[in-house]
Amino acid sequence: MEISTLDKGIKNSLEFVTVRRRGYTVLFIGDTGREATLYSCNIGNFEVIFGFNDCEKPNNDILNMLAKSFLSLILNKEYSIDMERMLPFFDRIMKLEPLDNIIYSLLKVIIDSGISRKVGFFVLNDQLLKLRGIVLAEKKGDDVVYDNLAIKKCYIDLKNKGRVADLLFFEKTEIVNTGDIVNENFKKFFGDQVIISGVYNKKGIFGAIIVDSDSVEGYDISHIIAFSKILSLSIDHSRLNKQLSFAMEDIAYFKESIDVTSNFTQMGKITASLAHEIKNPLVSIGGFARRLEKYVTDEKGLSYLQIIQTETARLEKIVSDILAYSKLFVLNKDKVDLYDLLSNIKEFFSEKLDENRIVMDIFCEKGISILADEKKLKQVLINIVNNSIQAIERDGNICIEVNNEKDRCEILIKDTGGGFPFDVIQNAFQPFYTTKENGTGLGLSICQKIVAAHGGHMFIDNYDNGALVKISI
């Protein structure tokens, strides 16, 4: 028996038909908005539910015939979407086509396939717990028109944990009455009923495809679910591709950094080797220049020899600094009494301090000691104090203060030499950076390297009318 041979009263009173397979809706036709009496029958793995209005219950033969007829819509694919419309999406996803293009195309296919004349894509705002409209596609005449402006005023609030929230949480695709959605703008865009199918990513709910069901005479919900799955796949693939892209950029950056570091290391080795080779001839030149002074009586000749010795000494200092900076420090740590160390440094500079009328004050309690390499720590402090003397030139003060804390010790060196220029503060520890006419630009770099080898930190700044150097070990 065919559907066309049914009693006209039965056909006219049939409001809707739902076909379920293993608890999932795979086909829905009709209108659930009206009151109806439900009848169901089972055929294999399928359950077919009929909603009749103002009609006596049809006999079982009629129900079974109706059920088989509607099942044929699925089995014979009379309402199915040609897979040729879906397969290209997988190819486009793998070719990394922009996500926006895929969304727009997918909405168009839903309309062109006759599922609905109107469909929208909504995205979840995690903080506000709202599904907000992103784009609406609508059939107008022979064209599909898109709206991505006005639809943004349309949203579904999920904070009340109503039916839409439950559908999305349990990953169901079902019909929802727009009257249950408290948003007037939503009702302007869609009819009395919509089909909501969630779109998901790795973290959970990403958004939803919302299909206007008022403009549909018959449709297969399983196809809407399929399109939602395709969109979910596209979103996840896009996210993974972005992560891969960022990872590749990071790998390229680190590879470049390793190459640069390797080049610097090689340059450092070459520089150290050259410095070592240059040092011996320089020492010989300086030594022979001093010996020649015994044999040269001409005043001009002696002047030339003096210049040779001065420039040779300057070059020796540069070479020594380069060797000191390029080699690894081997620390011979021992208990160092800071009061005794600072007192020795003051004694070391006593003649120069008196000559330039510079007062040096030390504020350090007796008995304060740290674990350090005394020779190298002394080298650091001598370099800093010497810089202060050069900055002051004449008539000034140098103050060294020691603050002993539980696990660290701070040494503050202050002077009245006018302070550091801003560019010096920014670049002081850069190798070969110097503002001195005869400087090597390695003094503070070596100091910082020594302090760092002790597991400490070194800072420079200005205070009042002078410079401040802080060493924390």
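Got at least one residue in segment 410-425 being surrounded by fewer than 19 Cβ atoms within 10 Å (Cβ to Cβ), within 20 Å of Lys366 (Cβ to Cβ) and under 43 Å from the mean Cα position of the chain (by Cα)? Yes, because at least one residue in segment 410-425 is surrounded by fewer than 19 Cβ atoms within 10 Å (Cβ to Cβ), within 20 Å of Lys366 (Cβ to Cβ) and under 43 Å from the mean Cα position of the chain (by Cα).
Could you tell me whether Ile389 is surrounded by 20 or more Cβ atoms within 10 Å (Cβ to Cβ), closer than 27 Å to Asp337 by Cα and modelled with pLDDT under 90? Answer is no for this residue.
The single condition among (1) among the hydrophobic types (A, V, I, L, M, F, W, C); (2) within 23 Å of Phe16 (Cβ to Cβ); (3) crowded, with 16+ Cβ neighbours inside 10 Å that Phe170 does not satisfy is (3). Whenever a residue of segment 460-473 is of a type in the set (Ser, Thr, Tyr), its partners that are crowded, with 19+ Cβ neighbours inside 10 Å, lying with C-beta atoms within less than 7 angstrom and at least six residues away or across chains, give the pairs Tyr463/Lys414; Ser472/Gly456. Take Val176 and decide whether it is modelled with pLDDT of 85 or more and either outside the structural domain of Arg239 (by TED's automatic domain parsing) or within 19 Å of Gly133 (Cα to Cα) (or both). So Val176 passes the test.
Within the set Ile362, Ile358, Ile308, the sole residue that is surrounded by 19 or more Cβ atoms within 10 Å (Cβ to Cβ) and at negative phi turns out to be Ile358. Applying a threshold of 9 Å to beta carbon distances and a minimum spacing of six or more residues, or different chains, the list of pairs starting in segment 415-430 at a residue that is over 11 Å from Asp461 (Cβ atoms) and in the same structural domain as Lys449 (by TED's automatic domain parsing) and ending at one that is part of a loop (DSSP other than H, G, I, E, B) and at pLDDT 75 or above reads Thr416/Asp395; Thr416/Asp464; Thr416/Asn465; Gly417/Glu393; Gly417/Asn465; Gly418/Asn465. Gly141 passes every criterion in (1) over 17 Å from Ala208 (Cβ atoms); (2) surrounded by 12 or more Cβ atoms within 10 Å (Cβ to Cβ) apart from (2). I need the full set of residues from segment 328-383 which are hydroxyl-bearing (Ser, Thr, Tyr) and over 19 Å from Glu405 (Cβ atoms), in order please. Within segment 328-383, Ser343, Ser350 meet the criteria. Among all residues of segment 54-63, there is none that is part of a loop (DSSP other than H, G, I, E, B), at pLDDT 75 or above and not aliphatic (A, V, I, L, M). The condition of being in a helix (DSSP H, G or I) and of a type outside the set (Ser, Thr, Tyr) holds for only one of Leu381, Leu371, that being Leu381.
Considering Ile196, Ile156, the condition of being hydrophobic (A, V, I, L, M, F, W, C) and out of contact with any Lys or Arg (no Cβ under 7 Å at 6 or more places or on another chain) is satisfied by Ile196 alone. Return yes or no: is Ile195 at pLDDT 90 or above and within 20 Å of Ile110 (Cβ to Cβ)? Answer is yes for this residue.
The values are calculated or read from the model by the stated rules, or taken from the named source; none is laboratory data. Keep in mind that this is a model prediction, so the values were computed, not measured. Cβ coordinates were reconstructed from backbone atoms using ideal geometry, including for glycine residues, and neighbour counts include every protein chain displayed.
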